[in-house]
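Here's the structure we're looking at; comments come further down.
Each value in this text was obtained by applying a stated rule to the coordinates, not by laboratory testing. All values reported here derive from a predicted model rather than from experimental measurement. Note that each Cβ is placed from the backbone with ideal geometry, even for glycine, and that neighbours are counted across all protein chains shown.
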Amino acid sequence: MSYYKILGFEKEPFSTSPDPMFFYESREHDMALTNLMIELRLKRGLGVILGDVGTGKTTLSRKLYQLIKSQEGFICHMMLDPVYNDEEVFLTSLARNFDIEVAKDGPRILNLKEALEKFLFQKGVEEGKTIVLIIDEAQKLNELTLECLRVLLNYETNEYKLLQLVLLGQMELHSKLINIPNFIDRISFKFTLNPLDEYESRKMIEYRIRQAGYKSNMHLFLDTAIRAIHQNTKGYPRRMNMLCHKALKRLVMRNKFVIDEDLIKEIVGEEIQQGLHWVRQPSVIA
C-alpha cells in the first residue's frame, strides 16, 4: 500500500508533477492567471511570465491551459519543450499541432507561413475564434524561433492581434527578448513569480493535503514544522513539495502521527551531508 493511503489520502499530495488539481493560487499566481485571461479575452497579443526554477510556472501553464480549454471560442495549443533547430521545423510543428493543411508544391517555408496566416485570419476573423499558443520553458527558444513568433504577432486586424502568445520561462528569457528588436515592446503583460512567504507556504501545504483527500481534523504538520519548511526552502513550491513528500514518508516509516520541526531539520541535515540541499536566491525583475 502506498504511504499516502496509509495516512488517509486518496492521491499523493506532494507530487512534483504539474497537476492543475493541486494548483494553489497564491496571491501572485492568482494575479498572473487573472491578468493573462484578461489579456487573452482582449486579444492583446503577448504575455510573459518569468520566474526562477521551482516557482510554479509549469503548473501555472497547465492551469491556464485547462481554463482556456473550458471556454468556448478558444483554440489553444501548448508547447512543453520548445527546442527547434531551424525555422522550418518550428513552423511545421505549429502547423501540425493546429491541424493546418500546408500546400506540398513550392517552397516549404513560404507555404508554411502562408498556411499559418490563412489559418489565423480564417479562425480569428471569419469565425471569431481566439487562437492561443502557450510555450513553457520558453528560455529554450532560439533567436530564429523567437523571430518567427515576432512575425506571427504582426498578424492583426485594426482592433486585435490574431495570435495570442503566452511565454513562460526562467529569468534568462527576459535577456533574450531584450536583444530582439521590436519584440520586447510587443509585451502586453509581464509578470515575475517570486517564492511564497510563510503564510502562503502554510496555505499551499494545507491546500494540497485537502485536495489529496485528507479529511481528518488532525494537523499533520505542526506550526514549527511549516516554519522550518519555509525557512529551508525559501518558499519555492517545488522544493517545498519535495521536502513535504520526504517528511510524510518518514512519518509512515516511524509510525508517527505528526511532523514536527525536529523531523524537518533531520531531513534537511541529511540532505546537506549528501550535498542535495540547495536553494537559489530569488531574482526579481520589475
For this session: With a ≥ b ≥ c taken as the square roots of the eigenvalues of the C-alpha gyration tensor of the stretch 21-93, please select rounded if a/c is under 1.5 and otherwise prolate if a/b is larger than b/c or oblate if it is not?
Result: oblate
Exercise. The chain: longest stretch without exposed GluC sites (Glu not before Pro) (DSSP loop, at most 15 other Cβ within 10 Å), sites themselves excluded?
Worked result: 160-286
Seminar exercise, completed: Dividing the helical contributions, -39500 (n - 2.57) per DSSP H run of n ≥ 4, by the residues of the chain yields a 222 nm value, nearest 500 deg cm²/dmol, of -14000 deg cm²/dmol
For this session: Could you count how many Lys pairs in the stretch 143-286 have their Cα atoms under 30 Å apart, skipping same-chain pairs fewer than 8 positions apart?
Result: 25
Problem set entry | Highest-MSF residue in the chain out of G56, G213, G106 [GNM, Cα springs under 10 Å] | G106
For this session: With both partners inside the chain, how many of the DSSP beta bridges are antiparallel, as a percent to the nearest 5?
Result: 5 percent
Exercise. Lys/Arg Cβ at +1, Asp/Glu Cβ at -1, dipole of the chain taken about the Cα centre: which of Y24, C148, Q211 is farthest positive-ward?
Worked result: Q211
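Apply the a/c threshold of 1.5 to the C-alpha gyration tensor of the stretch 182-235 and tell me whether it is rounded, prolate or oblate. All intermediate terms of the calculation are to be shown ahead of the outcome.
Working: a/c = 5.34, a/b = 2.21, b/c = 2.41.
Here the stretch 182-235 falls in the oblate category.
Would you mind working out the magnitude of the charge dipole of the stretch 175-277 relative to its Cα centre, with +1 at each Lys and Arg C-beta and -1 at each Asp and Glu C-beta, to the nearest 20 Debye? Before the final figure, lay out each step's value.
Numbers: 18 positive and 12 negative charges, 89 e Å.
Dipole of the stretch 175-277, to the nearest 20 debye: 420 debye.
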Problem set entry | Euclidean distance of C-alpha centroids, the stretch 73-141 and the stretch 162-207, integer Å | 23 Å
Exercise. So how far apart, in nm, are the two label points at N35 and N111 if each is 7 Å from Cα heading toward Cβ?
Worked result: 4.2 nm
For this session: Please check which bits of the stretch 227-257 a label hung off H219 would reach, taking the label as a point 7 Å along Cα-to-C-beta and the cut-off as backbone N under 11 Å.
Result: 227
Exercise. Suppose R0 equals 25 Å; then what is the FRET efficiency for S70 and E270 from their Cβ-Cβ distance, rounded to the nearest 0.05?
Worked result: 0.05
For this session: State log₁₀ I(q)/I(0) for the stretch 27-193 at q = 0.11, 0.20 Å⁻¹ as given by the Debye formula over alpha-carbon point scatterers of equal weight, solvent excluded.
Result: -0.42, -1.46
Problem set entry | Dipole moment magnitude, nearest 20 debye, the chain about Cα centre, only Lys, Arg, Asp, Glu C-beta charged | 760 debye
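What is the magnitude of the charge dipole of the stretch 1-159 about its Cα centre, with +1 placed on the Cβ of each Lys and Arg, -1 on the Cβ of each Asp and Glu, and no other charges, expressed in debye to the nearest 20? Please list the in-between numbers first.
Values: 19 positive and 26 negative charges, 69 e Å.
Around 320 debye, computed over the stretch 1-159.
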